[in-house]
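Trainee: First, the structure itself, so that you have it in front of you.
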Amino acid sequence: MTADSPDAPHTPTPAGQAMWGGRFSDKPDELMQAINVSIGFDKRLALQDLAGSRAHCAMLRKAGVISSEDADAILGGLETIGREIAAGTFPFRDEYEDIHMNVEARLRELIGSAAGRLHTARSRNDQVAVDFRMWVREACDRTVGLLQGLQRALLAQAEAHADALMPGFTHLQPAQPVTFGHHMLAYVEMFGRDASRFADARKRMNESPLGAAALAGSPFPIDRHMTAEALGFDRPTANSLDSVSDRDFALESLAAGSICAIHLSRLAEEIVIWMTPQFGFVKLSDAFTTGSSIMPQKKNPDAAELIRAKAGRLMGAFTQLATVMKGLPLTYSKDMQEDKVPTFEAFDALELSLRAMTGMVADLAPNRERMAAAAGSGFSTATDLADWLVRELGLPFRDAHHVTGAAVKRAEQLGCELPDLPLSELQALDGRITQGIYDVLTPAASAASRKSYGGTAPDQVRAQVRRWKEILA
């Protein structure tokens, strides 16, 4: 048995030293070890690290940098490590700091000194850059899939309630009647833009930093295009300094996540409002509500409230990473070790929020009668009256606006809504007004008249549902 055989006991470095410790004569202080170690969180990059190592090993063999024998040993060892990680038996150890050194140390235990050849022509700097890009890329893909699932749930509600009247609001005051389907489609559009932002970010990040090494590239005859292709990248990064020193791919993804979380928070806020007895527009089943420990009547929309709150995590993560990066000179600094925790936590929160919101939207039961009753409140068809005056009587809109304002004031004095205002009162404002005015003053007529592209008319809502179904198919 040789010292380098797979079964031989092997100490990769002098006792108590790190794998990079050749220049050092003593081990790090315990506090240094505590602040330096990252395996507790970057072990989430294990699968990406193994994929990058396999691609790098295959490239080194093809380039003639390492022998086929060593490459076979390395690939076999990496396969064993992959099985250990999948089984939960891999020995993650703080003494090896991070996922890269943990894998390398375990590989050395399995195959001996050939493991050391795997690190030829690369550095932990480009290693972590490629691992982290791959992780963020996968997170963006997952997020797009979850967004599309949420859009489908919203589309189902929009289709089922394309003609369900509800008040449209500005300043949270009744503005004009709209349909519940139209309201749902507004969020379909928002989440569609969110998905496109993640897709755009993915395109820009899809360049491989592997082979940039520490910062200056490599003197070995490596093929970076080969490893980029093997790992699903469009091309290798074009500047080795930039390759290892920037995290804009994570920042851009966190920015997209922050905007998405804001959209989720707005929808969550509306669900919270709509569920109050004062509104009573929607109901949620027991599956997405909780009770009170003291008030037995309560049914709280806690899932919506928690989604609303988690927007802070996304925006905080972006701010945290932006603060880390803003003053760093080229190239790598250990500050950048702080990039992963906020990004991991942000995507965890976003993915959970998307799943919960999709479940809530599918669970929503709109109260059509309550919404319809509210749709006509607050003189919500006043604009329809003004539009009628313009169309039928030829008034300039500003004059029609003034007449309508006077009509609203008179209805308010009489304690009635506009459809109930007597014709004589309207004719006192303009004697040319006819009985036909009442054809446009109901909420249903108001909504049905908004037939312009993207409007709230039920036919327009159904047309947009069909369009989005085709987009998502």
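The values are calculated or read from the model by the stated rules, or taken from the named source; none is laboratory data. Remember, it's a predicted structure, so these values are computed and weren't measured experimentally. Cβ atoms come from the backbone with ideal geometry, glycine included; neighbour counts cover every protein chain shown. Just the protein is used for accessible areas: all its heavy atoms, side chains included, with ligands, DNA and RNA removed. Shrake-Rupley method; radii C 1.70, N 1.55, O 1.52, S 1.80 Å.
Trainee: For ALA201, all conditions in the list (1) more than 30 Å from GLY217 (Cβ to Cβ); (2) surrounded by 22 or more Cβ atoms within 10 Å (Cβ to Cβ) hold save one; what is the number of the exception?
Mentor: ALA201 satisfies every listed condition except (1).
Trainee: Sticking with this one: Could you go through the range 175-194 and let me know if any residue there is closer than 30 Å to LYS334 by Cβ, basic (Lys, Arg) and in a helix (DSSP H, G or I).
Mentor: no
Trainee: Is it true that ALA121 is assigned to a helix (DSSP H, G or I) and over 30 Å from ARG197 (Cα atoms)?
Mentor: Judged against the criteria, ALA121 is not a match.
Trainee: Now for a different question. Taking the conditions exactly as written (open to solvent by less than 50 Å² (accessible area, probe 1.4 Å), β-branched (Val, Ile, Thr) and in contact with a strand residue (DSSP E or B) (Cβ under 7 Å, 6 or more places away or on another chain)), does VAL440 satisfy them or not?
Mentor: Taking the combined requirement at face value, the residue does not satisfy it.
Trainee: Search the range 415-427 for residues being closer than 14 Å to GLY378 by Cα and assigned to a helix (DSSP H, G or I), and hand back the single one that is farthest from the chain's Cα centre (by Cα).
Mentor: Ranking the qualifying residues of the range 415-427, first place goes to ASP420.
Trainee: Would you say ARG93 is among the basic types (Lys, Arg) and either farther than 26 Å from GLY232 by Cα or without any contact (Cβ under 8 Å) to a residue 24 or more places away in the chain (or both)?
Mentor: For ARG93, the condition - among the basic types (Lys, Arg) and either farther than 26 Å from GLY232 by Cα or without any contact (Cβ under 8 Å) to a residue 24 or more places away in the chain (or both) - is met.
Trainee: Consider the range 65-84. How many of its residues are part of a helix (DSSP H, G or I) and either in contact with a strand residue (DSSP E or B) (Cβ under 9 Å, 6 or more places away or on another chain) or not hydrophobic (A, V, I, L, M, F, W, C) (or both)?
Mentor: The total comes to 11.
Trainee: Give me the pairs, please: first residue somewhere in the range 280-294 and in the same structural domain as PRO167 (by the TED database), second residue anywhere and in a loop (DSSP other than H, G, I, E, B) and open to solvent by less than 60 Å² (accessible area, probe 1.4 Å), beta-carbon distance under 7 Å, and either six or more positions apart or on two chains.
Mentor: GLY280/ASN367; PHE281/ASN367; VAL282/LEU364; VAL282/ASN367; LYS283/ASN367; LEU284/PRO301; LEU284/LEU364; THR289/PRO301
Trainee: Then there is this: For ALA71, all conditions in the list (1) farther than 23 Å from ARG133 by Cβ; (2) within 37 Å of the chain's Cα centre (by Cα) hold save one; what is the number of the exception?
Mentor: (2)
Trainee: Here's a follow-up. Just for the range 147-198: of the residues that are hydroxyl-bearing (Ser, Thr, Tyr) and crowded, with 21+ Cβ neighbours inside 10 Å, which one is nearest to PHE379 (Cα to Cα)?
Mentor: So, considering only residues that are hydroxyl-bearing (Ser, Thr, Tyr) and crowded, with 21+ Cβ neighbours inside 10 Å, the one nearest to PHE379 (Cα to Cα) is THR179.
Trainee: Taking THR343 as the residue in question, decide whether it is under 30 Å from PRO174 (Cα atoms) and surrounded by 15 or more Cβ atoms within 10 Å (Cβ to Cβ).
Mentor: In short, no.
Yes/no per residue for (1) closer than 28 Å to GLU30 by Cα; (2) surrounded by fewer than 18 Cβ atoms within 10 Å (Cβ to Cβ); (3) at pLDDT 95 or above; (4) not hydroxyl-bearing (Ser, Thr, Tyr):
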| site | (1), (2), (3), (4) |
| --- | --- |
| MET59 | no, no, yes, yes |
| LYS62 | no, yes, yes, yes |
| ASP70 | no, no, yes, yes |
| ALA73 | no, no, yes, yes |
| LEU78 | no, no, yes, yes |
| GLU84 | no, yes, yes, yes |
| ASN102 | yes, no, yes, yes |
| LEU107 | yes, no, yes, yes |
| THR120 | no, yes, yes, no |
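Trainee: When only residues in the range 244-269 that are open to solvent by 40 Å² or more (accessible area, probe 1.4 Å) and not β-branched (Val, Ile, Thr) count, which is nearest to the chain's Cα centre (by Cα)?
Mentor: GLU252
Trainee: Which pairs have Cβ atoms under 8 Å, sit 6 or more apart or on different chains, and link a residue in the range 61-80 that is in contact (Cβ under 8 Å) with a residue 40 or more places away in the chain to one that is open to solvent by 30 Å² or more (accessible area, probe 1.4 Å) and of a type in the set (Asp, Glu)?
Mentor: LYS62/ASP223; ALA63/ASP223
Trainee: Here's something else I'd like to know. Report the residue count in the range 42-60 for those that are small (Gly, Ala, Ser) and without any contact (Cβ under 8 Å) to a residue 60 or more places away in the chain.
Mentor: Of the residues in the range 42-60, 1 are small (Gly, Ala, Ser) and without any contact (Cβ under 8 Å) to a residue 60 or more places away in the chain.
Trainee: Pick from the range 346-373 the residues that are without any contact (Cβ under 8 Å) to a residue 60 or more places away in the chain and over 18 Å from LEU264 (Cβ atoms): which of them is surrounded by the most Cβ atoms within 10 Å (Cβ to Cβ)?
Mentor: Within the range 346-373, the match that is surrounded by the most Cβ atoms within 10 Å (Cβ to Cβ) is ALA373.
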